[in-house]
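A short write-up of the structure that comes next.
The values are calculated or read from the model by the stated rules, or taken from the named source; none is laboratory data. Keep in mind that what you see is a predicted model, and the values were worked out from it rather than measured. Note that each Cβ is placed from the backbone with ideal geometry, even for glycine, and that neighbours are counted across all protein chains shown. What goes into the accessible areas is simple: the full protein's heavy atoms, side chains included, and nothing from ligands, DNA or RNA. Shrake-Rupley method; radii C 1.70, N 1.55, O 1.52, S 1.80 Å.
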Amino acid sequence: AMEGGQSARIREGDCAVLKRDEVFKAVSVLRRRKIIFEKQWFYLDNAIGHIYGTTFEVTSGGNLQPKQEVEETSTETKEAGTDNRNIVDDGKSQKLTHDDIKALKDKGIKGQEIVQQLIENSTTFRDKTEFAQDKYIKKKKKKYEAVITIVKPSTRILSTMYYAREPGKINHLRYDTLAQMLTLGNIHAGTKMIVMETCAGLLLGAVMERMGGYGSIIQMYTGGGPVRAATSCFGFPKHFFDNLHEFPLSKVQSLLSGTFSTETLPADPEENAMVEEESNGLSEEKQTSLQETEEEPATEAPMEINPTEEQDTMDINAEDVEFKENKEKENKENVREKQIKQWERRKKLKEAAALLREKNADGLIVASKFHPTPLLLSLLEFVAPSRPFVVYCQYKEPLLECYTKLRERGGVINLKLSETWLRNYQV
């Protein structure tokens, strides 16, 4: 069950997923923000306060209205043909023209009624078989009835969405494969997991969802920092991120060999900020003038500069000094802020390093665009004995190589190389 079941309400600032048939799109719920989805544009304002899973209809002006459940009007026995052999698609069977339909739309006539009119004006509708008629209605409904469901994001929905929209971003990781990985990796609340992924944060989000905010995760990353675009779509509560750590892959070797350091950490961010400021290229005079202007109120300062000048230039000078002061102040604050950020980053790095050093992770999950062998061999060092690990690769050749290497290395049991299959059956 989702948090608070499916009955949670849509709130402003939420991450939500729009659904139309089998198409999904993740959006932030913001007022007066135009959304374009499946060739439809609308605003989410009216959805706020409704329950997740509500289906809305797009009305004129892009407003969403909760859709009233309507009984299907097809209670009377439809006239239907026995087969479709006499139907010729010559494009002449529909009496309503494109302009007629546009006129209906402009009048604000509901999609349902447009579909009804299309049926009435179709010369071949009665001759179609029941199945063909249903298909026709379904097709026209899709085109003219703008119906959108707003659902709460979950691993299932987001992985389906990513796989359909931008599979390249998640290394073509299919949702059934992802489900297998979570199961094989034995991910549950209270574990300590190492995650190495280049799936835009989708895999990370899936692990976080399974753990429900209990336990800790160390995300390995390359480059400047971890990518978590998909993770933010889940809309996790703040405390889920308290035990999420990150560690750069580039520092793994130094951590294993014992040479790791986060450069000498400043004892106190403020001290350091002050030192940096002086070497910030402020010239001596500038600093002295700064001190003077700080001691005296700004209005008196210009009198010293040139008492004989007229009033207006004095005002300009006064503003000038103030402007300068503010600039200096801003610079100081910026430097200080940068220092604090850097200091915090190093602190976080230290914490992550300490967690890894314990070498007692409960599991490891890898799904990245990098070759799995060297990655796995170094990361396995941090995993406790008899704990599961799962490696996904888009191609099977690197996995075969990885499999062989692990076999040679030994110390690994229950090693399986598998490929998941997913077939859609029409029932």
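Taking (1) outside any helix (DSSP H, G or I); (2) without any contact (Cβ under 8 Å) to a residue 60 or more places away in the chain in turn, THR149 satisfies each apart from (2).
Here the condition is being among the charged types (D, E, K, R), outside the structural domain of ARG174 (by the TED database) and assigned to a helix (DSSP H, G or I); of GLU381, GLU333, GLU351, it holds for GLU333 alone. Among the residues of the stretch 77-106, those that are of a type in the set (A, V, I, L, M, F, W, C) and not in a helix (DSSP H, G or I) comprise ALA80, ILE87, VAL88, LEU96. Among the residues that make up the stretch 386-396, is at least one of them closer than 23 Å to HIS188 by Cβ and surrounded by fewer than 13 Cβ atoms within 10 Å (Cβ to Cβ)? Taking every residue of the stretch 386-396 in turn, at least one turns out to be closer than 23 Å to HIS188 by Cβ and surrounded by fewer than 13 Cβ atoms within 10 Å (Cβ to Cβ). Looking across the stretch 163-210, the residues that are surrounded by fewer than 24 Cβ atoms within 10 Å (Cβ to Cβ) and charged (D, E, K, R) come down to ARG165, GLU166, LYS169, ARG174, ASP176, LYS192, GLU209, ARG210.
From the list GLU330, GLU351, which one is under 23 Å from PHE241 (Cα atoms) and open to solvent by 50 Å² or more (accessible area, probe 1.4 Å)? Only one candidate qualifies: GLU351. Modelled with pLDDT under 85, within 15 Å of LEU349 (Cβ to Cβ) and surrounded by fewer than 15 Cβ atoms within 10 Å (Cβ to Cβ), is that true of GLU270? Spelling it out, it is not the case that GLU270 is modelled with pLDDT under 85, within 15 Å of LEU349 (Cβ to Cβ) and surrounded by fewer than 15 Cβ atoms within 10 Å (Cβ to Cβ). For ARG387, the conditions (1) in the same structural domain as SER216 (by the TED database); (2) part of a loop (DSSP other than H, G, I, E, B); (3) in contact with a helix residue (DSSP H, G or I) (Cβ under 7 Å, 6 or more places away or on another chain) all hold with the exception of (3). No other residue among LEU356, LEU380, LEU376, LEU364 is out of contact with any helix residue (DSSP H, G or I) (no Cβ under 7 Å at 6 or more places or on another chain) and under 30 Å from SER216 (Cα atoms) apart from LEU380. Suppose the filter is closer than 20 Å to GLU38 by Cα and outside the structural domain of GLN40 (by the TED database); does ASP134 pass it? Considered against the rule, which asks whether it is closer than 20 Å to GLU38 by Cα and outside the structural domain of GLN40 (by the TED database), ASP134 comes out as no. Of all the listed residues (GLU397, GLU333, GLU358, GLU292), the sole one being modelled with pLDDT under 90 and within 32 Å of the chain's Cα centre (by Cα) is GLU333. For the stretch 177-190, which residues satisfy the criterion of being over 21 Å from PRO398 (Cβ atoms) and either of a type in the set (D, E, K, R) or part of a helix (DSSP H, G or I) (or both)? Hits for the stretch 177-190 are ALA179, LEU182, THR183.
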